[in-house]
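The values are calculated or read from the model by the stated rules, or taken from the named source; none is laboratory data. The shown structure was predicted, so the numbers you read here are calculated from the model rather than taken from an experiment. Note: ideal-geometry Cβ built from the backbone for every residue, glycine included; neighbour counts use all protein chains shown.
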Amino acid sequence: MVTATPRILVTGFDPFGGAALNPSWLVAQALHGRRIAGHTVQAAQLPTVFGLSALRLGELLQQHRPALALCLGLAAGRAALSLERVAINVNDARIPDNHGAQPVDGPVVNGGPAAYFSNLPVKAMLQAIRNEGVAAELSNSAGTFVCNHVFYALMHQLAVQPGLRAARGGFVHLPCLPEQASAAGTTHCMALPDMVRGLQLGLRAALAHTA
Ligand code: PCA
């Protein structure tokens, strides 16, 4: 009999807003199958679409029952790995999502709490990443587009689904890759191997600490 190791679910998004690629999916793919502190990384892609992304995430949580779920997304203009502290119950899109929807001032979950904090040890993760020379920062806003939507949906599902209460969850925004920065109107970027290394360090720290 094969005994499954506990899993880490790492999600990335498909490209959006006219970009050709999304580093969040490239990082998730690079981490797929890695063993980190006795856990195995399972990568999955989410669509940059309000509603559908949260539904897909819900299916993945039920399917894999991860000990830890970390969702990744691109935030063009940021210069460092941004460990998000809080998700808010707001859908307010500056641009259409990949299905053309552009909700304004709606809730992620009707009647849900105003916000959820990540229950990952973000300060310990920050320190572990910085100690190895990868740029990282703590962020107090994941925005109000699909990334915040997925982050809120993640924390809501971990809070309300009895089978998922032991799981921990969080979100990290990534800078542009060097090759996409100028088209995105920024000079801030990070190379893919540094992103992957930083995330691996962060995940290891998360598994070594309780929040
Ligand atoms: N970034 C967007 C959604 C998908 C992604 O990678 C955001 O920051 O909301």
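Here are the numbers:
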{"item": "Residue ID - nearest to L177 (Cα to Cα), chosen from residues in the stretch 10-58 that are more than 11 Å from the ligand (Cβ to nearest atom) and touching a Lys or Arg at 6+ places or on another chain (Cβ under 9 Å)", "result": "A44"}
{"item": "Test result for C189, modelled with pLDDT of 95 or more, away from the ligand (no atom under 11 Å from the Cβ) and either more than 12 Å from L74 (Cα to Cα) or under 18 Å from the mean Cα position of the chain (by Cα) (or both)", "result": "yes"}
{"item": "Matching residues, the stretch 78-98, being over 28 Å from S182 (Cα atoms) and not in a loop (DSSP other than H, G, I, E, B)", "result": "V86, A87, I88"}
{"item": "In the stretch 154-173, residue farthest from A28 (Cα to Cα) [restricted to those that are within 12 Å of the chain's Cα centre (by Cα) and away from the ligand (no atom under 14 Å from the Cβ)]", "result": "M155"}
{"item": "Strands (runs of 3 or more DSSP E) wholly inside the stretch 110-211 that include at least 1 residues being acidic (D, E)", "result": "136-139"}
{"item": "Residue selected from the stretch 137-153 under the condition closer than 25 Å to Q127 by Cβ, within 11 Å of the ligand (Cβ to nearest atom) and not small (G, A, S), by the criterion surrounded by the most Cβ atoms within 10 Å (Cβ to Cβ)", "result": "F151"}
{"item": "Sole exception among (1) away from the ligand (no atom under 16 Å from the Cβ); (2) closer than 12 Å to A153 by Cα; (3) small (G, A, S) for A87, by number", "result": "(1)"}
{"item": "Positions within the stretch 39-55 being within 14 Å of the chain's Cα centre (by Cα) and within 25 Å of A101 (Cβ to Cβ), in sequence order", "result": "A44, Q45, L46, P47, T48, S53, A54"}
{"item": "Of residues in the stretch 59-77 being within 16 Å of the ligand (Cβ to nearest atom) and in a loop (DSSP other than H, G, I, E, B), the one surrounded by the fewest Cβ atoms within 10 Å (Cβ to Cβ)", "result": "G77"}
{"item": "Test result for G12, within 11 Å of the chain's Cα centre (by Cα) and within 18 Å of A93 (Cα to Cα)", "result": "no"}
{"item": "Yes/no for A181 being away from the ligand (no atom under 16 Å from the Cβ) and small (G, A, S)", "result": "no"}
{"item": "Residue under evaluation R204, criteria (1) on the phi > 0 side of the Ramachandran plot; (2) under 16 Å from the mean Cα position of the chain (by Cα), criterion not met", "result": "(1)"}
